[in-house]
Amino acid sequence: MALQNINPINDQLADIIVRASEPWIETAPGMAWTKVLWTGPESGRWVALYRWKKGYVAPAHKHLSAAHTYVLKGRLQVRDGVLEAGDYDYEPNGVLHGETTALEDTEYLFICDGPVVFYNADGIVAYKGWEELQRLKDKSAAASQPKAA
């Protein structure tokens, strides 16, 4: 006899699979692309792959939540250090740092527990959270759909 019933109460639970063929979304012409893997409205978390060409510079930003970075290939200049392929970086809530630069063509996995704000000398210039990533993915999907006649 089973010790407990492990059947889910929510019968709508399902895996989310993003195929390798999912297109990259160009976010900076000829320099940067994003592949949105998952957005979690219930938690605010989001997961994305980033592909940056050598020389791409991401603006200064502050993490309003913890984030995890795993470099798949290439090299990133982050603060006073360099992350290389195979390196993992944990950034706690509140981390503030300047620009991040791709020292080589680079791809990395980014898992974020919430939003990030970008800033310059005048203040906050952009906000990125799960909603912005979902909008980016939805807009890209809509653009790739055949137009109705």
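Results, tabulated for the structure shown:
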{"quantity": "From the options Lys62, Lys147, Lys73, Lys139, residue that is surrounded by fewer than 17 Cβ atoms within 10 Å (Cβ to Cβ) and within 15 Å of Thr39 (Cα to Cα)", "calculated": "Lys139"}
{"quantity": "Selection count where residues are among the charged types (D, E, K, R) and either surrounded by fewer than 17 Cβ atoms within 10 Å (Cβ to Cβ) or touching a Gly at 6+ places or on another chain (Cβ under 9 Å) (or both), scope the stretch 124-133", "calculated": "2"}
{"quantity": "Residue tally, condition part of a strand (DSSP E or B) and either among the basic types (Lys, Arg) or closer than 20 Å to Trp24 by Cβ (or both), over the stretch 44-97", "calculated": "17"}
{"quantity": "Residue that is surrounded by the fewest Cβ atoms within 10 Å (Cβ to Cβ), among those in the stretch 1-42 that are closer than 24 Å to Gly114 by Cα and of a type in the set (Ser, Thr, Tyr)", "calculated": "Thr27"}
{"quantity": "Some residue of the stretch 105-116 being more than 16 Å from the chain's Cα centre (by Cα), within 18 Å of Leu49 (Cβ to Cβ) and surrounded by fewer than 17 Cβ atoms within 10 Å (Cβ to Cβ)", "calculated": "yes"}
{"quantity": "Ala121 within 25 Å of Glu26 (Cβ to Cβ) and either exposed (fewer than 15 other Cβ atoms within 10 Å of the Cβ) or not aromatic (Phe, Trp, Tyr) (or both)", "calculated": "no"}
{"quantity": "Residues within the stretch 98-111 that are of a type outside the set (A, V, I, L, M, F, W, C) and in a strand (DSSP E or B), tallied", "calculated": "5"}
{"quantity": "Test: residue in the stretch 4-17 that is more than 12 Å from the chain's Cα centre (by Cα) and either closer than 24 Å to Ser65 by Cα or in a strand (DSSP E or B) (or both)", "calculated": "yes"}
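Read-outs throughout are calculated quantities, based only on the coordinates presented, and are distinct from any laboratory measurement. What you see is a predicted model, and the numbers here were worked out from it, not measured in a lab. With ideal geometry, Cβ positions are generated from the backbone for all residues, glycine too; neighbour counts draw on all protein chains shown.
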